[in-house]
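Accompanying notes for the structure given below.
The numbers here are math on the coordinates, done by the rules we state, and not lab data. These numbers come from a predicted model, not from an experiment. With ideal geometry, Cβ positions are generated from the backbone for all residues, glycine too; neighbour counts draw on all protein chains shown.
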Amino acid sequence: MVQELIFIRHGETEWNASGRLQGRADSPLTDVGRQQVRAHLSWLAVHPPDLIVASPLGRTQATAKILADALKLEVELDSRLEERCMGQFEGWTLDEVSAAVPEEADRRIQDPWGYRAPLGENYDDMVERVTPLLDELLQRPMQRLLLVSHGTLVRVLLGGVLGLERESVLRLRQPNAVAYQVRLDAAGHEVVRWEGGCSAPGLLFSD
């Protein structure tokens, strides 16, 4: 059974850099994004995963390929790791949403967990799709799995693994350059975060 899960977010994309909501839409990695991904290779070489499981979106596949080529690993794609669907607002900035449909922006602020963009998903929808995936992954006959996913979805993944309350899930952050290494133990889980090849204990939370 799996004893360790590694959560890597895709590197910075063009839409990340311009503050646009991506969801199921896509934009390519920037040069900075590719550098962020390569920075993980130094510590991953010391903690080599057995397999990479990635979202099939373009930005995560590009991230997984950089890692897989260097570490000589296979990549398994799973659509349940796709980013939260933001429906009609994919490609928009939050300022554009506030200016065009202020009532939607207000609903999102008032109920960040339950809010669904038109044709989009909320956090309960994401929990429903990733919970079976986590159960399956944890039963794999491997020691260490690397998951390449997305900023919002990884909140739900980590919340499920660590048993976090909703408030903590909403405050959890994973910038593009940050990875989380979770060591699973019956007595409790240890979390190490990595950025630029350097490590520190614990998760990052917004104020």
Nearest 10 degrees, 0 to 90: what angle lies between the long axis of helix 58-71 and the longest principal axis of the chain (Cα atoms)?
-> 10 degrees
Output for region 80-183: GluC sites (Glu not before Pro) sitting in coil per DSSP, at most 15 other Cβ within 10 Å, listed by number, reads 165
Most mobile listed residue (162, 145, 81) in the chain, GNM with C-alpha springs under 10 Å | 162
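Determine, from the Cβ-Cβ distance of residue 77 and residue 35 and an R0 of 22 Å, the FRET efficiency 1/(1 + (r/R0)^6), rounded to the nearest 0.05. Mind showing how you got there, number by number?
On the way: r = 24 Å, r/R0 = 1.09.
Step by step, r from the Cβ atoms, then E = 0.40.
Assign one of three labels to the chain, namely rounded, prolate or oblate, based on the Cα gyration tensor with a ≥ b ≥ c the square roots of its eigenvalues; rounded applies when a/c is under 1.5, prolate when it is not and a/b is larger than b/c, and oblate otherwise.
Prolate.
Would you mind classifying region 29-134 by shape? Square roots of the alpha carbon gyration tensor eigenvalues, ordered a ≥ b ≥ c; an a/c under 1.5 is rounded, otherwise it is prolate if a/b is larger than b/c and oblate if not. Walk me through the numbers before you get to the answer.
Values: a/c = 2.95, a/b = 1.89, b/c = 1.56.
Since a/c reaches 1.5 and a/b is larger than b/c, the shape of region 29-134 is classed as prolate.
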In sequence order, what are the phi-derived ³J(HN,Hα) couplings for region 125-141 according to the Karplus relation 6.51 cos²θ - 1.76 cosθ + 1.60 with θ = phi - 60°, rounded to whole Hz, with x for glycine and proline?
-> 4, 5, 4, 4, 8, 8, 4, x, 4, 4, 4, 5, 5, 5, 8, 4, x
How high is the FRET efficiency between residue 198 and residue 171 when r is their beta carbon distance and R₀ equals 25 Å, given to the nearest 0.05?
-> 0.65
Counting sequence-distant residues (5 or more places) and residues on other chains, those with an amide H built under 5 Å from that of residue 22 are 91
